[in-house]
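See below for the structure under consideration.
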Amino acid sequence: MRVLVFILICLCCKREVLRCQELPANVEQQLEESLNEAAEEEEPANDEYLQELDHYKRHPLNINTAEKGDLRLLSILNEWQIENLISYRKLLGRLISLYELQAVPGWDLPTIRKLWQYLSVNDPVSLSDVFTERLKKGEAGLLFRVSQVLEKAAGFTKKSTGNHYLGSPQQVFIRYRYKYKDLLQYGITAEKDAGEPFFNEKLKSGFDFYSLHLFIRRVGIIESLALGDFTVNLGQGLIHWQSMAFKMGASVLNIKRESPVLKPYGSAGEFNFLRGIGLTLRKGKWEGTGFISFRKLSGTVTDGQEYFSSLQTSGYHRTDSELKDRNNIGQVTTGGNIRFTDERFRVGVNGIYHRFSLPLQKKDEPYNLFAVEGKEWYNGSIDYAYTGKNFHVFGEMAIDRKRHTAVLNGIMMSVDRRVDIALLHRAIAKEYQSVNGNAFTENTLPSNENGLYTGISIHPTARWSLNAWVDTYQFPWLRFGVDYPSQGRSCLLQVSFMPDKKTELNITYRNREEEMIKRSLRFHMAYSISEMFTLRNRYELTWVEPQDSKKEEGFLTYVDLICKPVLKPFSIILRWLHFETSSYASRIYAYENDVLFSYAVPAYSGRGNHYGILISYKIAKWLNGWLHFQQTVYPGLSSLGSGLSQITGNRKTELKIQLMFRR
């Protein structure tokens, strides 16, 4: 009977129907949403997730042997879909083909399309063979990237007095990495930002940032060993989380933080990682992790004071003042966790301790009343997860150095084969603080927040889907820019429709009500014209209602033409984008494809046009190249930006070139 079902599925499908883009559409939207309320407008520097997707694209994950943790790393599946796959394998054995995934409960056609290029059903390689081949049969890659804004910013104009950039306008990134499956990885990264000095009297070490790592997995009872630079992820992010983690977006069921405790780090970001040694041991159902790190961080130290007021997270060291703050704060971080995992239940105990070389004393502002202070800080927590017949519950309970508490609990439930719901409640005291927390909250850091998130996903037919969520929350204490306790509500509604195998449409409405009301309506279409050409089109409207000023509006539209000739060594992506907004408050974000391991989600404000071309070319079997040219034009303006980044003229042009050597 099972073979008959498989044959019928194959007859009804064609492989090209399940092809997907460079990044799944829901991932692009999650990246947009993650920056929608961000304070910083810098290009994202952590490309760890993009590296993982590229690895699985070239070395697909075996769907018959993949563990839950492997599937979670894709950040495409929700917990219930993963559990259904594991149950399906236990009941019916190994899958014959990826087409059979359509028989797994909860795995609809859109989901399979997103995963198609990252999965396989190839026979697994025995671990005994793998161990002897780790050092000689892995993949080595050397990446070189250089980019530059072609217009000259004010900071590059040297003056006899005054502040200016000390280096050239090129941004340079070099990374070497060797990887064998997920069992062995090592590499080195070097990066120079635009304006930073390079091999001169100001910075004799050459690159401003260097990173090295060695990561080994599954050697006897050693589950993972990290040397050099690595990230640590504990519980649900209430006390510590350093890997990429999405917040509220269109994937309404992705509310749970999932990651191995230790992960290798080889990105260009200069702040959010540890440097030292970490070790995870596993024996049966028990797992224990310990780590210790010592790093030099950049902080703001006032002359004549023996404390620092803030840490610099941008990684920029372009001027004398920025170089003065470079690596002037020492930080020791140590901690670990102990975890017990049964077939359906998991519980862990986590702890982390930080010690700085100077006391931290933030500015004397009311919103900083409960901020992290002093030379040391520590947190502890207990996290859990349990899977029932048709539900999955999880949570974390945390405490900080001053015994203030934070609690987060969530549940995902399948109430019908076409309907899934998600609930997440958090109660985080206004006094609670963590140094590197990153939980599923409205605030950037998990602090000063009580809230309830409710989401629902409905798939009435194979062609239609509806995703919606509502999040209500309160901030019991003051926040930056808000001098009183406040509350808010956010909601999202997205309807998706696939009228045929070549077309995908979705309409998204989002509303956010705090001190300012912001609404947006988006229409997005992707259409496969042929095997070679794909067209993407978007229209988005935004309305902003500040409390004490005039109502604002914004509009954005773009057209992408993607050309990927079959069996040809090149591909081209063209974009034209137009935007009109009343001010920066009504800005609109839009994801833009970039060279491999890079992406951008710029905020468009004012009035202008943006266009770009991205070309990738397979120069040789061992060499790939990328060229990305983009320009934004603001009619009617005589200058762009301010301060040292100010550009004379009404346009900003960027050129990026990348080469990737692989063997």
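What follows draws every value from the coordinates through simple rules; no lab data is involved. From a predicted model like this one, the values you see are computed outputs, not experimental measurements. Here Cβ is always computed from backbone atoms with ideal geometry, including for glycine, and neighbour counts include all displayed protein chains.
Brief remarks on what is shown
- Reducing the range 608-637 and the range 276-349 to their Cα centroids gives an inter-centroid distance of 36 Å.
- Cβ-based exposure ranking for Met248, Met532, Met525, Met498, in which fewest neighbours within 10 Å come first: Met532, Met525, Met498, Met248
- Modelled spin-label separation between Ile529 and Phe497, with each label point placed 7 Å from Cα along the Cα-to-Cβ direction: 2.4 nm.
- Spin-label model, Glu67/Asp483: points 7 Å from Cα along the beta carbon direction are separated by 5.4 nm.
- Three principal axis extents of the range 86-125 based on alpha-carbon atoms, in descending order, are 27, 22, 13 Å.
- Residue by residue, the range 278-287 carries 3J(HN,Hα) couplings of x, 9, 10, 10, 10, 9, x, 8, 9, 9 Hz when phi is fed to the Karplus relation 6.51 cos²θ - 1.76 cosθ + 1.60 (θ = phi - 60°); x denotes Gly or Pro.
- Relative contact order %, the range 564-617, counting alpha carbon pairs below 8 Å whose residues are six or more apart: 46
- About the centre of its Cα atoms, the chain shows a dipole size close to 1960 debye [charges on the beta carbon of Lys, Arg (+1) and Asp, Glu (-1) only; nearest 20 debye].
- Between Ser87 and Arg651, the contour length at 0.36 nm per residue exceeds the alpha carbon distance by 197.5 nm.
- Placing unit charges on the Cβ atoms of the charged side chains and taking the dipole of the chain about its Cα centre, the candidate lying farthest along the positive direction among Tyr611, Ile338, Gly481 is Ile338.
- FRET efficiency for Glu306 and Val219, using Cβ-Cβ distance with R0 set to 41 Å, rounded to 0.05: 0.35
- Theoretical gain in end-to-end length, Asn122 to Val566 [0.36 nm per residue, Cα-Cα removed]: 157.4 nm
- Gap separating the Cα centres of the range 471-534 and the range 219-261, nearest whole Å: 25
- Of the residues Arg355, Arg344, Arg134, the one with the fewest other Cβ atoms within 10 Å heads the list, and the complete ranking is Arg344, Arg355, Arg134.
- Taken about its Cα centre, the range 97-235 carries a charge dipole of roughly 460 debye when the Cβ of each Lys and Arg holds +1 and the Cβ of each Asp and Glu holds -1.
- Relative to the current alpha-carbon distance between Leu423 and Lys551, full extension at 0.36 nm per residue lengthens the span by 42.7 nm.
- Largest first, the three principal axis extents of the alpha carbons in the range 307-397 are 60, 30, 23 Å in whole numbers.
- Legend: calculated FRET efficiency, Phe144 to Ile613, from the Cβ-Cβ distance at R0 = 22 Å, rounded to 0.05, equals 0.60.
- Charge dipole (debye, nearest 20) of the range 503-625; +1 at Cβ of Lys and Arg, -1 at Cβ of Asp and Glu: 500
- Arranged from fewest to most other beta-carbon atoms within 10 Å of their beta carbon, Ile255, Ile112 become Ile112, Ile255.
- Phi-based couplings in Hz for the range 112-120 (Karplus 6.51, -1.76, 1.60; Gly and Pro marked x): 5, 4, 5, 9, 3, 7, 9, 10, 8
- All other residues whose Cβ lies under 12 angstrom from that of Glu540 are scored, Lys and Arg at +1 and Asp and Glu at -1, for a net of +2.
- With the cut-off at under 17 Å, measuring from each backbone N in the range 577-599 to a point 7 Å along the Cα-to-Cβ line of Asn537 picks out 577-579.
- Set against the labelled values [x] 57, 28, 21; [y] 44, 30, 22; [z] 36, 31, 29, semi-axes √(5λ) of the Cα gyration tensor in Å computed from this structure falls on [z].
- Structural descriptor for the chain: relative contact order 11 percent, calculated from alpha carbon pairs under 8 angstrom and at least 6 residues apart.
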